[in-house]
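*Asks:* Okay, handing you the structure first.
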Amino acid sequence: MKISQSNYLNMSNAVLTHFDNNVPAWTGIRVVSNGVGKLRTTLTDITGTATKQGENNPVGHTAAKEHARDGLEGLVYLTALRVRSYAGIAGDDVLLEKMRFSRSALDILGTNDLLTRSRLVLDACVAHLPALTDYQVDQKTIDDLQQRIDRTAQLYAQRDTVIDQRMEATARLQQLFTQARKELKILDDLVEGYVEDDAFVATYFNARRIHDLKGRKAKTEEKE
């Protein structure tokens, strides 16, 4: 959550606490009770959605993905060099051209293109394995390549899923806070129009003003 959202949630929870601590002042007024119930449900949804947003932090997944990608690129490039050496000596111009790329060229490839290039190198190793043994390309090389390809593809898929889920939670939070603001404005009118306990009403609006000011201040700081 943003700082402004966290402050608004704190204010909203403070308002609910005020209602909970002063039940006799409003519990017999059905429209007020309904308003409090709606706000309570929305705040519960906000808390749950914020938890999902926090759980779906892509930072760790991104770091793991980058580490896996670096390892894959290094092995693919080294293997391609060795296959290229074999192709040059064997006079296999088609294979030679397939293996002709730089490490920097791998760096700028998108995920799918990198995986495609990695599988191309893997296929070349499988196809020419008996002859490649003298060039330090063996079954272990093939197994390592396959494992790194699978791991990188898996981590990228996981990272993308986490990002999608976080984006969904963030969008949902925005909707829920908009809903909470509407419900609190309705409660303002309900409290002022129906609750006859002056001390309750005064404390309610005091809590609203204090926390709203904090929220506006945080929002200004975020923009700066």
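The values are calculated or read from the model by the stated rules, or taken from the named source; none is laboratory data. All figures in this text were calculated on a predicted structure; none of them were measured in a lab. With ideal geometry, Cβ positions are generated from the backbone for all residues, glycine too; neighbour counts draw on all protein chains shown. Only protein heavy atoms, including side chains, enter the accessible area calculation; ligands, DNA and RNA are left aside. Shrake-Rupley method; radii C 1.70, N 1.55, O 1.52, S 1.80 Å.
*Asks:* Mind checking which residues of region 27-43 are in contact with a helix residue (DSSP H, G or I) (Cβ under 8 Å, 6 or more places away or on another chain) and either open to solvent by less than 20 Å² (accessible area, probe 1.4 Å) or of a type in the set (Val, Ile, Thr) (or both)?
*Replies:* Listed by number, the residues that qualify are Thr27, Ile29, Val31, Val32, Gly35, Val36, Leu39, Thr42, Leu43.
*Asks:* Name the single residue, out of those in region 152-170 being loosely packed, with under 14 Cβ neighbours inside 10 Å and either modelled with pLDDT of 85 or more or more than 26 Å from Lys2 (Cβ to Cβ) (or both), that is farthest from the chain's Cα centre (by Cα).
*Replies:* Across region 152-170, the extreme among qualifying residues is Gln154.
*Asks:* Between a first residue in region 130-154 that is closer than 22 Å to Thr111 by Cβ and a second residue that is open to solvent by 40 Å² or more (accessible area, probe 1.4 Å) and among the β-branched types (Val, Ile, Thr), which pairs have beta carbons less than 7 Å apart while being 6 or more apart in sequence or on different chains?
*Replies:* Within 7 Å, the pairs are Ile142/Val126.
*Asks:* Filter region 180-199 down to the residues that are in a helix (DSSP H, G or I) and touching a helix residue (DSSP H, G or I) at 6+ places or on another chain (Cβ under 6 Å) and list them by number.
*Replies:* Result: Ala180, Glu183, Ile186, Leu187, Leu190, Val191, Tyr194.
*Asks:* Let me ask something additional. So which pairs qualify, if the first residue must be in region 11-28 and among the β-branched types (Val, Ile, Thr), the second must be buried (at least 16 other Cβ atoms within 10 Å of the Cβ), the Cβ gap must be under 6 Å, and the two must be at least 6 apart or on different chains?
*Replies:* Taking only residues 6 or more apart or on different chains, the pairs are Val15/Ala207.
*Asks:* Here is a further query. Return yes when Gln147 is touching a Lys or Arg at 6+ places or on another chain (Cβ under 8 Å) and open to solvent by 70 Å² or more (accessible area, probe 1.4 Å) and no when it is not.
*Replies:* For Gln147, the condition - touching a Lys or Arg at 6+ places or on another chain (Cβ under 8 Å) and open to solvent by 70 Å² or more (accessible area, probe 1.4 Å) - is not met.
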